[in-house]
Every structure is written in C-alpha cells, then in structure tokens.
Amino acid sequence: MVRILLTTLGLLFLLGLLGAGGALYVFQKFGQDLPEHAQLADYEPPVMTRIHAGDGRLLAEYAIQKRVFVPLAAMPKRVVNAFLAAEDKNFYEHIGIDPMGVARAVVVNIKNIGKDRRMVGASTITQQVAKNFLLTNEVSWKRKIKEAILALRIEKALPKKRILELYLNEIYLGYGAYGVAAAALNYFDKSLDQLSIEEVAYLAALPKAPNNYHPRKKYGAAVIRRNWVIDRMQLGGFIEADAANAAKERPLTTYSRSETQFVQAPFFAEDVRRELAGKYGEEDLYNGGLSVRTTLDPKLQDIANKVLRRGLIAYDQRHGWRGPVAQLAADTRLNLPGDWKRAITSVPRPKGLHDWPLAVVLDLEADYAHIGLEDGARGKIPLRELAWARAWIKGQKRGAKVKKPGDVLSVGDLIAVEAVVADVNEEPYPEGFYGLRQIPDIDGGLVAIDPHTGRVLAMVGGYSYERSQFNRVMQAHRQPGSAFKPFVYLAALDQGFTPSTLILDAPFVIDQGPGLPKWRPANYAKKFYGPSTMRLGIEKSRNLMTVRLAQTIGMEQIAEYAERFNIVDKMAQTLAMSLGAGETTLMRLTAGYAMLVNGGKQITPTLIDRIQDRDGRTVFRHDNRRCKNCRERFWERQSAPQIADERKQLTDPASAFQIVSMLEGVVERGTGVRVKKVGKPLAGKTGTTNQERDTWFVGFSPDLAVGVFAAFDTPLPLGRRETGSSVSAPIFRDFMIEALADKPSIPFRIPPGVRMVRINARTGLLARNGDRDVILEAFKPGTEPTGESQILEGQSWSPGGGGVSSASGTGGLF
C-alpha cells in the first residue's frame, strides 16, 4: 500500500515537473520576440480631431477611426458591468488568463473536432487587449499562446482599471464604431449615460462578431445574444430579475445618428487642416484627438457665403446666357415630355449648383416656359425671369434683348432653376414660378478680419468648394491695382506731405531706352485734371498723381512700406508697382488695410485661437500675452487688469488716421460711393487692373476689416466698365449692411495730436465763408495750410538721366 502511494506521488511529481518544464519551454519558445507590452502603459488610442468655430459649434472633424475616448471613471457603471458580465465575469480576480474558462473551451473544441466549426476561445478582457493592440486576428493555437503570455505580462505592468479603459475605448463594435462611446451614438444616437439596460446589453453582445448580430440584417440572432447578456448581468448581480425580464421583452430598436450640424465654411476648415498638418503632422491631425478653437464667427460666415455668391451671380447675369446644362430632346431613348425625371437623372449633376434644382423645358409659350423638375413637379418660368438671359458673346458682351422664351430656351433643354416669389418690382408671383439660373464663370473671395487682433472672422475662398477647392483668399496671387495706392500715400504722409498737398494731374511719359516703348500711364477716364489735392487723388483713384508722388518720394520707400505691411515679400522698385502691378493675395492686402485702421499696429492674421491636446492641455494660443490677476475668483472692487499692448508700431498713428480719413472720402465722394448705402462710418478703396482683369474692394469699419476680390481664375477681361466699383464694392456693401446691422454707428478713432481743420476740398486751402465742398481734414500739428501752396509736378526720365525703369504695365486703373 505504501509502495503504491509512493509510486503515485512519484508519478504526480514527475508529471508536475514535466508540466512545469513544458510550461517553461512554451514561455521560452513563444515568449521571445513578442511585442513590447510596456508600451500600453502610455498608449493613447487614435481619437478624432475636432475643429470648432469661435462660438463652440462644430466646423469639421478629422479622423481615420471615428472614436470618442471616454475615461473609465466617466463611464456609467451599467456600461462597464454589461461588458464584464458578457466578456469576463472574473476580470478582477484572474491574473490575465482564466483557467476555468480555458478548460471549458478545451472541452468544447474537442467535441467540435471533425464538425467543421470555428474553434471557440476563453479570452479574457486582458487577452483581447493583447490581441487588439499587439497581435493579429489570426485563428491559431500559436497566437492563443502568445496572447496568454502577453496577458500575464500586461497584468503585471498595468492596473486593472487601465486595462479595462483601453479595452472599452479600442474595441470595434460594428457600424464603423470604435469604442463604446462611438457605438452608443452610431446604434442608438445617445450618449453613454442615456443608454437603457437592453441597449447596453446589445453593445456588450457585439465584441465577438458584430456582423453576426446586425440589428436589421440578423435581428433574431441579435435579440437572442442581447437577452443572453441580460441574463448574465442578472446572474452577476448587476440588475434585478424584474428589470432583466422587462428589458428582454423590449424590441431591439436602433436609431440613425443625428446628422452633425456643421458650420458651413469649407475653405476656412481646409486652411485650418493644412495649418494643423504642417504644425503637428498628419498622424496627430487624424489620430491625436486635438480640440481646436478657431476664430470663425458663424454669423459673419453665413453672411459672407451668401453675399459673395449673390454678387458673383449678379455679375454673371449682366453678361448673358451661355446655354443649358444639356439638350435632351435629341435622345431617342427618352420619352419627353412624359419621362422628364429619368431624363434628368441621365445627366451627371453639375458641381456648384448648391440648392438649385434641375429642370427640363417641356413646352414654350409666348410668355412662359413650362418645365418639369427633378422631383416630379411642374413649374413655369415667366418671360420677366428670362430678361437677363441675352445670348453671351465673346468678350463678355450680350446679344439682342429677349422678347419671348424661345429666344433663350428650347424644348428638351436641361437647366438650373430657382423658385421665385416676386419679380424685381416686388410684384408677387403665383406658386410654382421659377427663375432661370446658371453657375457663374467668374469667381472670387471674401475675408473679414478683426483689425485689432488679426483674428479671421469669416473667409469664403470661392463660389463653390464642391466645384473648386482653390482658395482665392489665400492662394490667388493677383495684381491689386489701385487698392495698393493707400500705402504709396502713407509713405508720403510719413515724409511730411499732407492730405492737402497739391499734385499735378497731367500727362506723364518715361523713355525706357532704345528699342523699348515709352511708358505712358493714364487715368481710367483718359482725362487730366490739373493740380489736385492728395485726398482727391486717392478718392478719385488718379493714376498720374500717384506716379508723380511715387517718383518724388522714391520707389525704394514705397517698396519698404509694402514689405513692412506684408503686402509682398519683395517688391521690384519700378514706378508701375505704385499702381498695384505687384502680385499679392486678398488675405495679405486685407491685413494691410487692417493695420491702417488700428492705428498702424502690426497684426498677424490667424485662423486659430487655441489648440488643446486630448487631455485638455493648451498646446497653442494665438494671444500669448500674460495677464496678471485675470484669474481672480472674486471681485473685491479691484481695478480691471491691464494687458500690455505688444504690437509693433509700423507707422505714425497720425499718418494712419490721415489715410483712414482719406479712404473714408473714397466711400463718401469717390470710386467707392456705392458703399455709402450702408449708412455707417466706412472707408475703403477700389482696385481694378489692366483690361478689367481683376477687381477688388478692401475697406473697414473701426472694428472690422473686409476684403473682396472677383475675377476669372484664368485672367481675362471682365467686360467694359466692370471695375472694383461695380463688381467687388457691391459685395462689400452687402456684407457690411448685414454684419453691422445690430452694431452702433462708431466714428473712426482720432489719435492724440491730430487736428481736424475745415478746408476747401478742391483747393486744399483753409475754408472761407461762402466756400462750397468744405470738409474736415486731418493734420499733424504745424502742417495746416497757411495760404501758400506748392504743386508737386514730378519729371519725365530717361535711362541715361538716372532713375527707375518702369517696364511693367500700369497695374492699377480705377
């Protein structure tokens, strides 16, 4: 008996040694070259980057995996308990592997031998973390061994709560959802704390195979699996029996995720994306979980979107009808007029239609065109809504007046239309009336900047982002024409000239040397006006006066001012540059104007106020000034904190105000008079280049700088008399009407030392009794008119006589 007992003990001991040796061999063989598990201690799951407007509304999201990371401490207990009950009830007791679970899996897999069934596992949550983060999805016993080894190591390296947090935020649950928070939104359109028992149970049923429990395609299997999880929750003591039974009785109902409401600013968002990618790289942009607060003002952005589009359409309609999207009548496969819906779907929808529906012309009468719309409805286009659609002729000209719908349209034409409720005279139309529309060939941009901080409040880079992602605010380098002139006049004011200085407006010729034509700049009206004040020169945009002034003060000075105000990086020192022949962008020019109205302080345009990392730490702030006592918790009648103004002074504040006052005259009496309709203090300058290829209007109120540019992307003439005054200024005007509608009327701020003196606007001399055209002019102390005045006449040059050659075109016209 003793011998038998000793033999048995010996065999057991030997088996134990063999088992231990086998285990050591397995750990030695499969434990080599495994991924480094310690990295999980610092692992941060990929999280989407979110871009917010200035008021917190969502502007854009960037991610490869749509994941919302939620710390374990912030997760509802019900959610955590459901996954523990379904996936690993012994999670807090085991060491990374569950021996009893392994034993059960072994028995089941032995029974399934020869039955062509997939092997089942007994993976703990820790093992799933090892597989999801460090291994592949390969189904093999070798992978299971590696998974077990890694699980043991992970349990030693990380606390249980960290392991569970990684699991619940990383696991894929179908419907494109990574992590439980994203799954709650995608399946039920709820946050985690809003989920019911049956809903958390369904999510906990998904980790093994989300596609096998699809809530619609495999509803029966999904309900069975969900109810099984509910039973496990009850057995684990997480819910009461009554609650479990009630939950199992409820149907499995999912809800489409509410469409996220984005602020519509695609050009702005794309520029932010580029800046983030440049600053942090693509990896952090799409996986880093950045939270970006931008400078965008959604209200101003909506206005900008609307007025730019409206202004470009207005120009386009002034130049006629270029024809239908397509002509369908000749297609014998289509049964017109009866089958117009199929006819419309047979043609690709043009990009840039926005919300305009497509329609087919079904019939033509003397006063109406009958149309069939893509939604199956019928409508009419009255003759009055076709009046603009005279045939387009090369050179932006138009054909004969429209007398009947047949002059414009033919049966079978596929066209864009827009519902109209009244004609141009406010006479109401019956329901079902439409106007003819076409996508403009012209394009443009609009940007609005806070002149005191450089914060970009609104930006539209084109008529349609869908049609073209080219941003005409940031990327279009074009000649600004006369919109550059304020910086020529500013350089002169800093050298002692005044707004009342007289400059000769007369022919000006430069001999450029043998074999080259003479350079003869001219005014837009091709007239000469004799001695005129500097103010009048800028108000009426006189080219000849500007060239004489630039010649007198020197192009090296003007180039330095252009570079100082960041209009250009390097300006050629030729006289043509004084008329705006040097290329720049709308953003740079508008920022330059902003630095005029803010008193000559340097600003840097920015789209981003603040960037925070995934943990809420601020990693970038546009305004880095320190504010002592700004974080006081209580007000105890202490003074408001003072923040230092660290902006660099670029010019004399008095000179800056003189330019602002002169540009205010442009709106009151000059080329920008269309803007006067706003009815509030505004200043600005038109710009038009040779042959009307580029049109600009850049201006400001005391606290808002706005720039508008409009032209063809491939520079072409816009047509006779299409200037900055007729194309861009109305867009600026309409923007300001809405942007300033609820703002008080604030005059431009006069800096200390400036004297406002009554003068005769025509002569520049002190006003006398009975004078007409009397204005208040801004002067620096000691520069007021004395009754005597000299006329700046300039001189013609030749290369042999020295000076600056001007081989370029004139650049600015109006």
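The values are calculated or read from the model by the stated rules, or taken from the named source; none is laboratory data. Everything numeric here is computed off the predicted structure, so don't read it as measured data. Reconstructed Cβ throughout: ideal geometry from the backbone, glycine too, with neighbour counts over all protein chains shown. Ligands, DNA and RNA are stripped out before the accessible areas are found, and what is left, the full protein with its side chains, is counted by its heavy atoms. Shrake-Rupley method; radii C 1.70, N 1.55, O 1.52, S 1.80 Å.
Quick notes
- Looking across the stretch 722-746, the residues that are in contact with a strand residue (DSSP E or B) (Cβ under 9 Å, 6 or more places away or on another chain) and either among the polar types (S, T, N, Q) or in a loop (DSSP other than H, G, I, E, B) (or both) come down to GLU722, THR723, SER725, SER726, SER728, LEU740, LYS743, ILE746.
- Residue match in the stretch 718-736 (condition: among the small types (Gly, Ala, Ser), over 30 Å from ALA304 (Cα atoms), in contact with a helix residue (DSSP H, G or I) (Cβ under 9 Å, 6 or more places away or on another chain) and open to solvent by 10 Å² or more (accessible area, probe 1.4 Å)): no
- Qualifying residue in the stretch 185-203 (condition: hydrophobic (A, V, I, L, M, F, W, C), open to solvent by 30 Å² or more (accessible area, probe 1.4 Å), more than 42 Å from the chain's Cα centre (by Cα) and at pLDDT 90 or above): no
- Any hit, the stretch 291-302, residues being surrounded by 15 or more Cβ atoms within 10 Å (Cβ to Cβ), under 32 Å from the mean Cα position of the chain (by Cα), within 21 Å of ARG467 (Cβ to Cβ) and at pLDDT 95 or above: yes
- Scanning the stretch 619-664 for residues that are outside any loop (DSSP other than H, G, I, E, B), more than 13 Å from LEU490 (Cβ to Cβ) and either aliphatic (A, V, I, L, M) or without any contact (Cβ under 8 Å) to a residue 12 or more places away in the chain (or both) turns up just one, VAL619.
- Listed by first and then second residue, the pairs with beta-carbon distance under 7 Å, at least 6 apart or on different chains, first residue in the stretch 742-756 and over 17 Å from ALA683 (Cβ atoms), second exposed (fewer than 11 other Cβ atoms within 10 Å of the Cβ), are GLY753/PRO781; ARG755/PRO781.
- A count restricted to the stretch 250-283 and to residues that are part of a helix (DSSP H, G or I) and either hydroxyl-bearing (Ser, Thr, Tyr) or free of Cβ contacts under 8 Å to residues at least 60 places away in the same chain (or both) stands at 7.
- Just one of the numbered conditions (1) open to solvent by less than 80 Å² (accessible area, probe 1.4 Å); (2) under 22 Å from MET459 (Cα atoms); (3) assigned to a loop (DSSP other than H, G, I, E, B) is not true of GLY616: (2).
- Within the span defined as the stretch 698-713, every residue fails to be over 25 Å from the mean Cα position of the chain (by Cα), open to solvent by 30 Å² or more (accessible area, probe 1.4 Å) and of a type in the set (D, E, K, R).
- Residue in the stretch 244-253 that is open to solvent by 20 Å² or more (accessible area, probe 1.4 Å), β-branched (Val, Ile, Thr) and at pLDDT below 95 present: yes
- Subset of the stretch 171-183 (residues that are open to solvent by 30 Å² or more (accessible area, probe 1.4 Å), touching a residue at least 60 places away in the same chain (Cβ under 8 Å) and not small (Gly, Ala, Ser)): TYR178
- Members of the stretch 397-440 found to be open to solvent by 30 Å² or more (accessible area, probe 1.4 Å), closer than 30 Å to GLY699 by Cα and modelled with pLDDT of 95 or more, listed by number: ILE439
- Residue satisfying all of: in the stretch 268-290; open to solvent by 10 Å² or more (accessible area, probe 1.4 Å) and of a type in the set (Phe, Trp, Tyr); modelled with the lowest pLDDT among these: TYR286
Here is a yes/no grid of residues against (1) part of a helix (DSSP H, G or I); (2) basic (Lys, Arg); (3) in contact with a Ser or Thr (Cβ under 6 Å, 6 or more places away or on another chain):
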residue: ILE303; (1), (2), (3): yes, no, no
residue: LYS306; (1), (2), (3): yes, yes, no
residue: LEU312; (1), (2), (3): yes, no, no
residue: ASP316; (1), (2), (3): yes, no, no
residue: ALA343; (1), (2), (3): yes, no, no
residue: PRO350; (1), (2), (3): no, no, no
residue: ALA366; (1), (2), (3): no, no, no
residue: ALA389; (1), (2), (3): no, no, no
residue: GLY395; (1), (2), (3): no, no, no
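- Only residues that are open to solvent by 40 Å² or more (accessible area, probe 1.4 Å) and closer than 13 Å to ILE759 by Cα were counted in the stretch 785-794, giving 2.
- Count of the stretch 665-683 residues which are under 31 Å from the mean Cα position of the chain (by Cα) and in a helix (DSSP H, G or I): 6
- Total residues in the stretch 47-95, condition at pLDDT below 80 and open to solvent by less than 50 Å² (accessible area, probe 1.4 Å): 3
For (1) in contact with a Pro (Cβ under 9 Å, 6 or more places away or on another chain); (2) outside any strand (DSSP E or B), each residue gets a yes or a no:
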{"position": "LYS685", "(1), (2)": "yes, no"}
{"position": "PHE697", "(1), (2)": "yes, no"}
{"position": "LEU716", "(1), (2)": "no, yes"}
{"position": "ARG720", "(1), (2)": "no, yes"}
{"position": "PHE748", "(1), (2)": "yes, yes"}
